Amino acid sequence: MRTISFDGVIVGGGGAGMRAALQLAQSGYKTAVISKVFPTRSHTVSAQGGITCAIASADPEDDWRWHMYDTVKGSDYIGDQDAIEYMCSVGPEAIFELEHMGLPFSRTEEGRIYQRPFGGQSKNFGEGGQAARTCAAADRTGHALLHTLYQNNIKNETVFFNEWFAVDLVKNQDGAVVGVIAICIETGETVYVKSKATVFATGGAGRIYASTTNAHINTGDGMGMALRAGVPAQDMEMWQFHPTGIYGAGTLVTEGCRGEGGYLVNKDGERFMERYAPNAKDLAGRDVVARSMVLEILEGRGCGPNGDHVKLKLDHLGEDVLESRLPGICELSRTFAHVDPVKEPIPVVPTCHYMMGGIPTNVHGQALTVDASGNDAVIPGLYACGEVACVSVHGANRLGGNSLLDLVVFGRASGLFIEKSLREGIELRDASQTDIDAAGCRLEALNARESGEQVAPLRQELQEIMQNHFGVFRTGEFMREGIAKLDDLRARVENVALADRSNAFNTSRIECLELQNLFETAEATAIVAEARDESRGAHAREDFTERDDENWLCHSLYHGEDKKVSKRSVNFTPQTVETFQPMARSY
Amino acid sequence: MLQVSLYRYNPETDEAPYMQDFSVDTSGRDLMVLDVLELIKAEYDGSVTYRRSCREGVCGSDGLNMNGKNGLACVTPLSETVKGEKLVIRPLPGLPVIRDLVVDMSLFYAQYEKVQPYLQNASPAPAIERLQSPEERAQLDGLYECILCACCSTSCPSFWWNPDRFVGPAGLLQAYRFLADSRDTATEERLSKLDDPFSVFRCHGIQNCVNVCPKGLNPTKAIGHIRTMLLNRAT
């Protein structure tokens, strides 16, 4: 097996990966990005409504501390306050950098970046009414951001391994991460990519559910690799169901629609969010809105012949606003819902959207585990940022517009920290042949296997288990049934068969490897969801309906090797502001 | 039953490409072409190879030639492309085929990189954003939305003939996106790089690019603006 060496290797070419890569490439260190798709095909491209940040354009008095308050409250108090403080305070600098790179933000009459209202936003620590804090490029902010980052990586001559797939982590005898095994999809060649710093920016895993806004490629590759390498996963029970996925298709309709004045109606045409969240109404937290929608449907007020969805009304905004502020939504709605939002409401339903959990990290992107005495310990050589990471700024529920800020701020922070570490000198022992072989054994086994089940039906079975047993509302008994089904599925997924043994652009092989990553992610989700016997943020238990701060004001930590769940403290000590104490959460 | 004829080529086993027919049960649904490919790969032949990612028309992975017209498989419903019973799916024309429906896009990307597709501004950056009026920003509408799917360039006869020297509609659309940006100060340098007989002037206004763009963009119009800028610069 050939070895290629770099100072820093970033796995994943989405927003987080390319922001980290840009930082490292600018520093002159030998940097490579491994991406299983051409970078602008990454899922960041699908982000619509914007990037939330207190740049004080819409409101000159805006303050990052207000954004921090909203984010802590949105997280249902298990977001780490040091990390949220860092994200909200550094955010404006990171946004202005993107603008200087050329990101085509929409503009105000004053020529500043346009900001729109989003859910869960307030002025003056919840006392000053709705804020407008989400910076937008029409409703194509992710596309604009991702292309801008790719363009600036071209400018800085970052090395891209496009359409290469990372298979597993290589660890040396000290347990430090020293690179990955990767396949060049076009030729089928397997290579050891050696690195002093390996950054996971592999994104989410929405494809563990049957109905998701996520791209086909969101298969939890980073989670799979991490769990197999003994890295713990944090807060994996926390999955965001976006209130407005297009009914039937699952494609996303931005929260910006409601920010611009749209609202949800049930079959009677009632604006039902007024009952569930009298103040914020349709701009309450996403978990609150999604649950309210499901309750409307369960109580018989859903729309359509099966009463299984509600509608998003936009026509009152007028064609001019829709075509200028939400042109992409008009296009998606016409294509996937066969509805013109200028005239009719869009049928929508809560749809799996975002993984709040992930690889635990500190604010520098360093991956963390716990030592024998339960203290945080840095995993040498491994970093994570973006959706695959759990730093944690989102806690139990992410606010709209905070994912793009998270990936830019912590992609940048990881790059800055690695640059500094490289300058100070990183000494990791080389991997032995045995270490490299160990990382290659999953691929080896797949290639050697003569029989087994096909990938597509196994994937479908997995997605249906997750959809049915671990959805918006959860109960212990039903989740335990789901876990039993997963137990049965594990061996079958491990023994998945290759439908195609070619080397050239073999997408069947990639799909098998992806399925195993999906499975690891799903199993972690299932086991931790069953363990957290309370309701908090996106995790809503019908058998434990209350938040239980006495026992669960903490992160969950899942350990793949023995499938055990432990607890990890939440950070309540920001450096420059007072701690935001947990309060009852209402909108 | 939908009759699908797929372009197949595996460099390891096939001496030449061939068309393979599948009879696909769509249960009468008006699926997207990508759904049909997913169905074929899952239920008929796991070795069928194509690119896909977002499945909602924004990532640009699945540009294909469907019944003779380039488009994105994920946002092309059968009702739009199938006349009669037959769906013929081929890779985008004019680029080397790696396998089945997957083409080598290196030349396409090289032309994109050639136009220096990033903002250049000689003045030091301010502490906040560079100001831009809504009217100046509106100049970028219809340009920045490109998803690099290559449907346009691979439908362009001028690009088929000179993929190494004619920048092509996608690259030129991006060239104009930066020429049109009030924040960019490299206009002169950008124009001088394009000022040769091939880069821009091989466009003959055929407008295939406009007809196929899945985002409704108009590269021909952008190329027209660049021509005008080049001609004004010459006089």
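The values are calculated or read from the model by the stated rules, or taken from the named source; none is laboratory data. What you see is a predicted model; the values in this text were computed from it and never measured. Don't worry about glycine lacking a Cβ; one is built from the backbone with ideal geometry, like all the others, and counts go over all protein chains shown. Areas reflect the complete protein model, heavy atoms only, side chains present, ligands, DNA and RNA absent. Shrake-Rupley method; radii C 1.70, N 1.55, O 1.52, S 1.80 Å.
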Distance from the Cα centre of the stretch B:121-186 to that of the stretch A:351-419, in angstrom? 34
Tell me which DSSP H helices of chain B clear both cut-offs, 18 Å or more of axial length from alpha-carbon atoms and a mean Kyte-Doolittle hydropathy of at least -1.0. B:219-234
Computed [θ] at 222 nm, deg cm²/dmol, chain A (DSSP H ≥ 4; -39,500 (n - 2.57); rounded to nearest 500): -11000 deg cm²/dmol
With a cut-off of 8 Å between alpha carbons and a minimum separation of six or more residues, what is the relative contact order of the stretch A:425-570 in percent? 22
Using a Gaussian network for chain B with springs between C-alpha atoms less than 10 Å apart, which of these wobbles most: B:93, B:197, B:126? B:126
Over the stretch B:28-103, with neighbouring protein chains present, the accessible area per residue in Å² at probe 1.4 Å is 33
Peptide B:139-145, shielding by other chains (average Cβ, 10 Å cutoff): 4
How many Å² of accessible surface get buried when B and A come together, counting both sides, probe radius 1.4 Å, rounded to the nearest 100? 4800
Would you mind checking the tilt of helix A:141-155 against the longest principal axis of the Cα atoms of chain A, expressed as 0 to 90 degrees and rounded to 10? 40
At a Förster distance of 51 Å, what's the computed FRET efficiency of residue B:120 paired with residue B:14, Cβ-Cβ distance as r, to 0.05? 0.65
Could you give the size of the charge dipole of the protein assembly as shown about its Cα centre, using +1 on the Cβ of each K and R and -1 on the Cβ of each D and E, expressed in debye and rounded to the nearest 20? 1580
Relative contact order computed over chain A (Cα-Cα under 8 Å; 6+ residues apart), in percent: 22
Once the Cα atoms of helix A:433-448 and of chain A are each reduced to a long axis, what angle between those two axes, in degrees from 0 to 90 to the nearest 10, is obtained? 70
Note on chain B: contact order normalised by length, alpha-carbon pairs under 8 Å, 6 or more apart, percent, works out to 18
Efficiency of FRET from Cβ geometry, residue A:566 and residue A:477, R₀ 30 Å, rounded to 0.05: 0.80
Can you give the helix-only mean residue ellipticity at 222 nm for chain B, where every DSSP H stretch with n ≥ 4 adds -39500 (n - 2.57) and the sum goes over all residues, rounded to the nearest 500 deg cm²/dmol? -8500 deg cm²/dmol
Which whole number gives the average, over all residues in A:503-512, of C-beta atoms from other chains lying within 10 Å of the residue C-beta? 5
Inter-chain Cβ neighbour average for residues A:211-218, partner chain, 10 Å: 4
Just the number, please: carbon plus sulfur as a percent of the accessible area of chain B, 1.4 Å probe, no ligands or DNA/RNA counted. 52
Write down the percent of antiparallel bridges among all DSSP beta bridges whose residues are both part of chain A, to the nearest 5. 65
In the stretch A:113-183, what percent of the accessible surface is made up of carbon and sulfur (1.4 Å probe, ligands and nucleic acids excluded)? 42
Sequence-distant or interchain residues sharing an amide H contact under 5 Å with residue A:137, placed H: which? A:106
Take the eigenvalues of the Cα gyration tensor for the protein assembly as shown, scale each by 5, and report the square roots as semi-axes in whole Å, largest first. 36, 32, 29
May I ask you to derive the FRET efficiency for residue A:464 and residue B:204 from their Cβ-Cβ distance with R0 = 51 Å, giving the value to the nearest 0.05? 0.45
Cα-based Rg of the stretch A:492-558 per 2.2 N^0.38 Å, rounded to two decimals? 1.69
Would you please calculate the Kirkwood hydrodynamic radius of the stretch A:1-119 over all C-alpha pairs and express it in Å, rounded to one decimal? 16.7
Angstrom value of the Kirkwood radius, inverse mean 1/r, which spans all Cα pairs in the stretch B:166-212: 11.5
Can you give the net charge of the other residues whose Cβ lies under 10 Å from the Cβ of residue B:20, counting K and R as +1 and D and E as -1? -2
Note, residue A:447: beta-carbon cut-off 11 Å, +1 each Lys/Arg, -1 each Asp/Glu, net +2
What ³J(HN,Hα) values, in whole Hz, does the Karplus curve 6.51 cos²θ - 1.76 cosθ + 1.60 give for the stretch A:505-513 when θ = phi - 60°, with x put for Gly and Pro? 6, 8, 6, 5, 4, 4, 5, 5, 5
Cα centroids of the stretch A:188-237 and the stretch A:93-139: how far apart, whole angstrom? 30
Acute angle (nearest 10 degrees) that the helix A:64-74 long axis makes with the longest principal axis of chain A, alpha-carbon atoms: 90
Calculate, in nm to one decimal, what residue B:185 and residue B:86 gain on full extension: separation in residues at 0.36 nm each, minus their alpha carbon distance. 30.5 nm
In the stretch A:54-94, the GluC sites (Glu not before Pro) that sit in a DSSP loop and have at most 16 other Cβ atoms within 10 Å of their own Cβ are A:61
By residue number, which cysteines of chain B lack any other Cys whose Cβ falls under 4.7 Å from their Cβ? B:74, B:146, B:149, B:151, B:156, B:203, B:213
Of all C-alpha pairs within the stretch A:446-572, those more than 17 angstrom apart amount in percent to 62
